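Quick notes on the structure that follows.
The values are calculated or read from the model by the stated rules, or taken from the named source; none is laboratory data. These numbers come from a predicted model, not from an experiment. Here the Cβ positions follow ideal geometry from the backbone for every residue, glycine too, while neighbour counts run over all protein chains shown. Side chains included, ligands, DNA and RNA excluded: accessible areas come from the protein's heavy atoms. Shrake-Rupley method; radii C 1.70, N 1.55, O 1.52, S 1.80 Å.
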Amino acid sequence: MDRTALDVLRSTTAELAPGAADNRLVPLIAAGTADRRALSALALEQRYIIESDRSAFTHLAERSAARRDDASAVFFAGLAGGENTAAERLETLIAACGCDAADVTAYEPMAGCQAYPSYVARLALTAAPAEAALALTANFAAWGGYCATIAEGLRTHYGFDDAACGFFDFFAEPAPDVEAQAAAAVQAGLDSGLDGGLDTAAARRHGRLLRSYELMFWNTLAELA
């Protein structure tokens, strides 16, 4: 039986799901025991990540269009647009963390936090778009779950209001349009035979590294908590 995009997405997401204890920071925020400097660093690191990911997704959209891979182009253009929304909401989070303009300017990003966007940038340059779409989407489920847990913890233990939690709420909310676009991109890769078709082994390799780099992000911040 031929695999569908949903089959591939579900199996890859399940395979790449992190363990419950792999992320050391999010449980601390959920319990209200994380130091506020870790929260500030989380917000300030995201400024660099959003800028990098927006550029990477835009480049992937352009590469996809050049390959006449319209489904992947739509998916990555949508992700780039989402980064614009995230950037707007991030400013309120940064302020809620007590950071002013001088703090933002003085902040130096940490290597362990920036490994993830650096690998996304590598995918933008070298990965087949459909394979990048599969790898990224498989990791989004964990990211969304983390964001939902953080938003609840910030409201419950740190006194953050809805506006301050808006960044995390944005990523925690169901995104059926994004999921449908991801499925279309993966299905196009399965169907079209572009560059020999979608190499799911390569996509899983990309996804495994993305998962490791994302956990590096959280656990680097956990050292401040």
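Does the stretch 16-36 contain at least one residue that is in contact with a Pro (Cβ under 7 Å, 6 or more places away or on another chain) and open to solvent by less than 20 Å² (accessible area, probe 1.4 Å)?
We begin by selecting, within the stretch 16-36, every residue in contact with a Pro (Cβ under 7 Å, 6 or more places away or on another chain); these are none.
Within the stretch 16-36, none of the residues are in contact with a Pro (Cβ under 7 Å, 6 or more places away or on another chain) and open to solvent by less than 20 Å² (accessible area, probe 1.4 Å).
Go through the stretch 1-58 and report how many residues are of a type in the set (Asp, Glu), assigned to a loop (DSSP other than H, G, I, E, B) and either more than 28 Å from Gly166 (Cβ to Cβ) or in contact with a His (Cβ under 7 Å, 6 or more places away or on another chain) (or both). Result for the stretch 1-58: 1.
Considering only helices (runs of 4 or more DSSP H) fully contained in the stretch 84-182, which possess at least 1 residues that are open to solvent by less than 50 Å² (accessible area, probe 1.4 Å), small (Gly, Ala, Ser) and touching a Lys or Arg at 6+ places or on another chain (Cβ under 9 Å)? First the steps, then the outcome.
On the way: elements: 101-106, 111-126, 129-157, 166-172.
Once the helices (runs of 4 or more DSSP H) in the stretch 84-182 are filtered for at least 1 residues that are open to solvent by less than 50 Å² (accessible area, probe 1.4 Å), small (Gly, Ala, Ser) and touching a Lys or Arg at 6+ places or on another chain (Cβ under 9 Å), what remains is 111-126, 129-157, 166-172.
Annotation note: Cβ proximity below 8 Å between a residue of the stretch 43-71 that is closer than 23 Å to Ser192 by Cα and a residue that is among the acidic types (Asp, Glu) and surrounded by fewer than 22 Cβ atoms within 10 Å (Cβ to Cβ) (sequence gap 6+ or interchain) occurs for Phe57/Glu83; Ser64/Asp70.
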